[in-house]
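First the structure, in the form of C-alpha cells, and then the observations on it.
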Amino acid sequence: MKKNRLKKALVITVCVIAVLILGGSIAIGGLISNKILNQNEGKDTSGNSVKQLEVWGYDLDAFNDTYSGTEIEAKAADGNTVPATFFDNGSDRCVILVHGAGGDRVCTYPLAEEYLKRGYDVIAIDQRGCGKNPDPKVTFGINESLDVEAMVAYARENLNESEVIVHGQSMGAQTVAIYASKAEPGKIEAADAVICDSPVPGMELMLRLAFGESVEAAYSPMTNYLIGTSKTFMKVANGIDWADGDTIALASNIRIPVMIIISDKDEVCLPELVSQIYDNIVCEKRAIAHVDSAHIEGIIDDPDGYMKNVEDFLGSIGQ
C-alpha cells in the first residue's frame with residue numbers, strides 16, 4: 001500500500017513539474033517573441049536615422065536642400081501600406097532603397113544621393129516597425145519582403161520605370177535577399193537586379209549571437225532553450241517560420257542578378273557569414289565586392305569607390 005502511495009505521489013510530482021516546465025517555456029517563448037517582433041516599440045526610429053547620419057558626418061540638410069522628394073504609397077499582398085519617398089530625377093531607371101534595423105528611410109539618403117548624382121530615380125521606403133510603416137512587427141525580412149515586391153510593381157505600373165534595382169543595407173539587405181529568393185524573373189514585381197550590402201545572414205543566427213554574445217555561446221544549452229521556445233511560440237502563435245528568414249539558405253533560390261557587398265571590418269554581420277550567402281547563390285549573374293569599412297559604412301567612407309563596384313555590376317548585366 002505504501003509503495004502504491006509513493007508511486008502515485010511520484011507520478012503527480014512529475015506531472016506537476018512537467019506542467020510547470022511547459023507553462024514556463026510557453027511564457028518565456030511568448031515573452032521573447034513579443035520582444036523580437038516589437039523590438040522598435042517606443043523607439044524613435046526616424047530620430048535614430050538623423051542621429052546616425054550625424055555620427056557619420058553626413059550633411060542631411062544639404063541633401064534636403066538639393067533634392068525634393070514626394071510621398072508615395074504601395075499596397076503589399078497582405079494589405080500592408082508601404083510608405084516611401086520618391087525622388088524623381090526624370091529617368092526611367094529607378095533604385096528602391098531598403099534601410100536596416102532601428103532606423104527609417106532617411107538613413108539611406110547617403111546612398112540615395114549617389115544614385116541621384118548618377119541619373120537614377122530613387123525610392124526610399126520605410127520597413128515594418130519603422131518610420132511611418134503602419135505594421136509595428138519586425139520579422140527580419142519575412143513579411144517586409146512583401147513590401148519590396150509591392151514597391152517594385154508600383155514603380156513599373158505607376159511611375160513607368162523600365163528598369164528597377166533594389167538595394168538594401170543590413171537587415172534591409174536581408175529583406176532584399178528574401179524578396180529576391182521569391183522573385184520570378186520577368187514578372188512585373190521582379191526587379192532587374194538586387195544589391196545586398198552587409199546582409200543579416202539569418203534570423204535565427206543573429207538571434208543566437210544576440211542571446212549568446214559570442215559564436216561559442218550562441219549554441220550553449222541555455223541559448224538553445226531560448227531559441228527553441230521562442231521559435232516554436234512564434235511559429236504557432238504568429239505564423240512566422242524562422243526558416244523563412246534564413247538568408248544563407250534562401251540565397252540558393254535567387255534567380256535574378258544579385259550583388260553581395262561585404263564590409264571587411266564588419267562586427268555586426270560578420271564577413272565570413274555574409275560570404276556564405278554569396279557562396280550559396282547559384283544564379284549565373286552574381287557578383288561580390290569587398291569594402292574596407294565597418295558595417296554598411298562603405299558608402300560613407302568611399303562613395304566613389306563604392307558606386308564604381310555597383311556600376312560595374314549593373315554594367316555587366318546590361319543595366
What does the range 199-255 give for Rg and for Dmax, in Å, if only its C-alpha atoms count? 12.1, 38
Return, ordered by residue number, the residues of the range 158-175 whose backbone nitrogen is under 12 Å from a label point located 7 Å along Cα→Cβ of ALA210. 171
For the chain, list the DSSP H helices whose alpha carbon atoms reach 15 Å or more along the long axis and whose average Kyte-Doolittle value is -1.0 or above? 2-37, 45-56, 144-157, 171-182, 221-238, 303-316
For the range 46-118, state what percent of all Cα-Cα pairs lands in each successive 5 Å bin, counting from 0 Å until the bin that includes the largest distance. 3, 13, 24, 26, 18, 10, 4, 1
Footprinting exposure proxy for LEU226, LEU159 (fewest neighbouring C-beta atoms within 10 Å first): LEU159, LEU226
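How would you order 124-136, 107-119, 184-196, 302-314 from highest to lowest mean count of nearby Cβ atoms within 10 Å?
124-136, 107-119, 184-196, 302-314
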Express as a percent, rounded to the nearest 5, the fraction of DSSP beta bridges in the chain (both residues included) that run antiparallel. 30 percent
What does the charge count around ALA173 come to, taking other residues whose C-beta lies under 14 Å from its C-beta (Lys +1, Arg +1, Asp -1, Glu -1)? -4
MRE, 222 nm, helices only [DSSP H, n ≥ 4, -39500 (n - 2.57), over the chain, to nearest 500]: -15000 deg cm²/dmol
Run the quick spin-label model on ASP92 and ALA249: label points 7 Å from Cα toward the beta carbon, then report their separation in nm to one decimal. 4.2 nm
Along principal axes, Cα extents of the range 90-182, largest first, whole Å: 35, 26, 22
Past 29 Å, Cα to Cα: identify those pairs from LYS117/LYS285; LYS35/LYS132; LYS231/LYS308, in the order given. LYS231/LYS308
Proximal aspartates and glutamates relative to LYS187, as straight alpha-carbon distance under 15 Å, when same-chain residues fewer than 8 apart are discounted: GLU149, GLU157, GLU161, GLU163
Relative contact order for the chain using alpha-carbon pairs under 8 Å, separation at least 6, rounded to a whole percent? 15 percent
Taking the highest mean first, how do the peptides 170-178, 254-262, 270-278, 63-71 order by number of other beta carbon atoms within 10 angstrom per residue? 170-178, 254-262, 270-278, 63-71
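Values quoted throughout were computed directly from the atomic coordinates according to the rules given, and no laboratory measurement underlies them. Source: prediction; values computed, not measured. Cβ atoms come from the backbone with ideal geometry, glycine included; neighbour counts cover every protein chain shown.
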